[in-house]
Amino acid sequence: MTEAWIFACGFLFLSFRGNAPLFRGIMAHERGRQVFDAGSVEGGGGEDNDSQGHVPHLHGVVGYFHMPDLRRRNFHCNPAQTRRTRIKILMQIACMLLLGTDALSWYFRVDADETAYYMVRISNFSVFCINYIFMSFFATYVWLTVSKHQHRKPAALRAVYALSVIGILLLIITQFTGLFYYFDDHNLYHRGNFYLLSQAIAVLGIALCLFMLISYRKNLDRIIFLSMMSFFVLPVLATIYQALAYSFSLQCLAIVISTQIMFVMDTVEMNMRFHSQQAAYEKARYEAEHDGMTGLLNKEAGWKHMRKYFDRMDSHDEAMLMFVDIDDFKTINDTYGHTVGDFWIREVASQLRHIYRQDDIICRYGGDEFIALIRNTASEQVLETTLGMFFQQLARTSEQHGQDVHCSVGVCRIAAADGASLGTGRTDGDAIGSVDFDQCVAQADLALYETKRFNKGTFTVYNYDRSQPAPANIRA
């Protein structure tokens, strides 16, 4: 008995320890709900081959997942899930109390002193009482698992509650009449004439829970159904054995072990569902922020990241913002077809991604046009080298396909601020060196316009002047 009790205690501890992070994560929902909301994300327009179109609102795509903030590991749960978690915690507490009181009843069973006299009666009363209370907890757990937001409680659940109340009332009567059990002059436990009635109440309660589970089978996943079905095996066998054989309490051990097995399988299923939802959310978020044809950021997502970078820039930061446009793209579509046009959009995107760093921001602005933010550098040599590689690779690919395809580029170069050149009478040095994103976009656009007008297939650079006020953004 001692070895079995120690094994059950260890199993209970490991299960509770394994479930504790999950319990904390779900209960944190009560302190503050967090739902991802990426706002409205739309693709940009463009000529002929603009396959971006309208990207779905991210919250609309993934709103039904109710995913957590992955950094804080908080679950966004509905009230039924929260109640279900509370019942699981109560069942675990009941299991611990059940093992504890059962151990006390065996420890004091042969002593005849006053302490043992009261402890053996209190512990045996607690074992029976906790069993009946646990039966109600389990029935509630079954209902919250299978109900799927149905508010009307079934008759089977109310019957289990009634059986629990009846069992506890009869247990109280037992203390005065020996109905279920009694103690002799040596403080030894003996079964009463109606002991089997106490077991019949427990078996009937388990049967009603099983009936409720099977009736709502269609509402459960396979793993959850099997985990809950596994609960009935050991307790039923232990109850039958205990009714027929007069031995130590197998029933308590069976309830505790079955509960932990059920919770472990339930946790495994919940983790699988969590990771599945996480993968679905990440996929939806990626699709909402990226262009489907090129894999680059779409206009809105790229715009958002670029603005965030510009908002953090100070007088010592530098960068290059550039527009890239495929020259005479309509002619390419009309001459070779839209399939070829799509190929060149993907090819230009691939080459831009290849020549620039991973932390630079490149997005498809719309149609045949791209915008890139090269961060933390304003070196003309770097610009000439990277764009030279881009033009050369594009020329080689064009030659291989026997087509004349080239790009024009407009660049706004933001160098680090020079305080001396801007005047020493100003005291707001950081304000002097501030950078206006809309102004940079406008200058890069003007540079692109000049390139396409006078010298297609090359690039033009405008140097950003930090001391000038921002003009109206022609790209708005």
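Which of the residues belonging to segment 350-375 are assigned to a helix (DSSP H, G or I), over 14 Å from residue 409 (Cβ atoms) and touching a strand residue (DSSP E or B) at 6+ places or on another chain (Cβ under 8 Å)?
353
I'm told residue 214 meets every condition in (1) part of a helix (DSSP H, G or I); (2) open to solvent by 20 Å² or more (accessible area, probe 1.4 Å); (3) touching a residue at least 24 places away in the same chain (Cβ under 8 Å) except one. Can you identify the failing condition by its number?
Just one mismatch for residue 214, condition (3).
Going by the conditions given, is residue 98 in contact (Cβ under 8 Å) with a residue 60 or more places away in the chain and more than 29 Å from the chain's Cα centre (by Cα)?
Taking the combined requirement at face value, the residue satisfies it.
Is it the case, given these coordinates, that residue 195 is over 21 Å from residue 89 (Cα atoms), of a type in the set (Ser, Thr, Tyr) and at pLDDT 85 or above?
Yes; evaluated as a whole, the condition is true for this residue.
Select from segment 173-199 the residues that are small (Gly, Ala, Ser) and either within 23 Å of residue 140 (Cα to Cα) or touching a Leu at 6+ places or on another chain (Cβ under 9 Å) (or both) and write down the one among them that is surrounded by the fewest Cβ atoms within 10 Å (Cβ to Cβ).
192
Open to solvent by 60 Å² or more (accessible area, probe 1.4 Å), farther than 18 Å from residue 86 by Cβ and among the hydroxyl-bearing types (Ser, Thr, Tyr) - does that describe any residue in segment 118-141?
Within segment 118-141, one or more residues are open to solvent by 60 Å² or more (accessible area, probe 1.4 Å), farther than 18 Å from residue 86 by Cβ and among the hydroxyl-bearing types (Ser, Thr, Tyr).
Being open to solvent by less than 50 Å² (accessible area, probe 1.4 Å), in contact (Cβ under 8 Å) with a residue 40 or more places away in the chain and under 25 Å from the mean Cα position of the chain (by Cα) is true for just one of 224, 255. Which residue is that?
Result: 224 is the single residue among 224, 255 that is open to solvent by less than 50 Å² (accessible area, probe 1.4 Å), in contact (Cβ under 8 Å) with a residue 40 or more places away in the chain and under 25 Å from the mean Cα position of the chain (by Cα).
Identify the single condition in (1) open to solvent by less than 60 Å² (accessible area, probe 1.4 Å); (2) more than 24 Å from residue 390 (Cα to Cα) that residue 326 does not satisfy, given that it satisfies every other one.
(2)
Out of all the residues in segment 151-172, is one or more touching a residue at least 60 places away in the same chain (Cβ under 8 Å) and open to solvent by 10 Å² or more (accessible area, probe 1.4 Å)?
There is at least one residue in segment 151-172 that is touching a residue at least 60 places away in the same chain (Cβ under 8 Å) and open to solvent by 10 Å² or more (accessible area, probe 1.4 Å).
Which residue is least open to solvent (accessible area, probe 1.4 Å), if the candidates are limited to segment 423-476 and must be among the charged types (D, E, K, R) and modelled with pLDDT of 85 or more?
Only one residue fits best here, namely 445.
Picking from 266, 314, 221, which residue would you name as being touching a helix residue (DSSP H, G or I) at 6+ places or on another chain (Cβ under 8 Å), acidic (Asp, Glu) and more than 29 Å from residue 95 (Cα to Cα)?
Unique residue meeting the criteria: 314.
In segment 379-397, is there at least one residue being open to solvent by 10 Å² or more (accessible area, probe 1.4 Å) and part of a loop (DSSP other than H, G, I, E, B)?
Yes: segment 379-397 contains one or more residues that are open to solvent by 10 Å² or more (accessible area, probe 1.4 Å) and part of a loop (DSSP other than H, G, I, E, B).
For segment 88-117, how many residues are of a type in the set (A, V, I, L, M), open to solvent by 20 Å² or more (accessible area, probe 1.4 Å) and not in a loop (DSSP other than H, G, I, E, B)?
So the count comes out to 7.
Table: residues versus (1) in contact (Cβ under 8 Å) with a residue 12 or more places away in the chain; (2) under 34 Å from the mean Cα position of the chain (by Cα); (3) surrounded by fewer than 22 Cβ atoms within 10 Å (Cβ to Cβ).
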{"residue": "334", "(1), (2), (3)": "no, no, yes"}
{"residue": "338", "(1), (2), (3)": "yes, no, yes"}
{"residue": "343", "(1), (2), (3)": "no, no, yes"}
{"residue": "363", "(1), (2), (3)": "yes, yes, no"}
{"residue": "374", "(1), (2), (3)": "yes, yes, no"}
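Would you point out the residue of segment 288-302, among those that are part of a helix (DSSP H, G or I) and touching a Leu at 6+ places or on another chain (Cβ under 9 Å), that is nearest to residue 353 (Cα to Cα)?
Filtering segment 288-302 for residues that are part of a helix (DSSP H, G or I) and touching a Leu at 6+ places or on another chain (Cβ under 9 Å), the one nearest to residue 353 (Cα to Cα) comes out as 302.
Which residue, of 334, 342, 325, is under 21 Å from residue 361 (Cβ atoms) and charged (D, E, K, R)?
Sole residue among the options that is under 21 Å from residue 361 (Cβ atoms) and charged (D, E, K, R): 325.
What are the residues in segment 101-130 that are under 24 Å from residue 200 (Cα atoms) and small (Gly, Ala, Ser), if any?
Scanning segment 101-130 gives 103, 105, 123, 126.
The values are calculated or read from the model by the stated rules, or taken from the named source; none is laboratory data. As the structure is a prediction and not an experimental result, all values here were calculated from the model. For neighbour counting, all protein chains shown are included, and Cβ atoms are generated from backbone atoms with ideal geometry for every residue, glycine included. When the accessible area is computed, the model is the full protein with side chains, heavy atoms only, and any ligands, DNA or RNA have been set aside. Shrake-Rupley method; radii C 1.70, N 1.55, O 1.52, S 1.80 Å.
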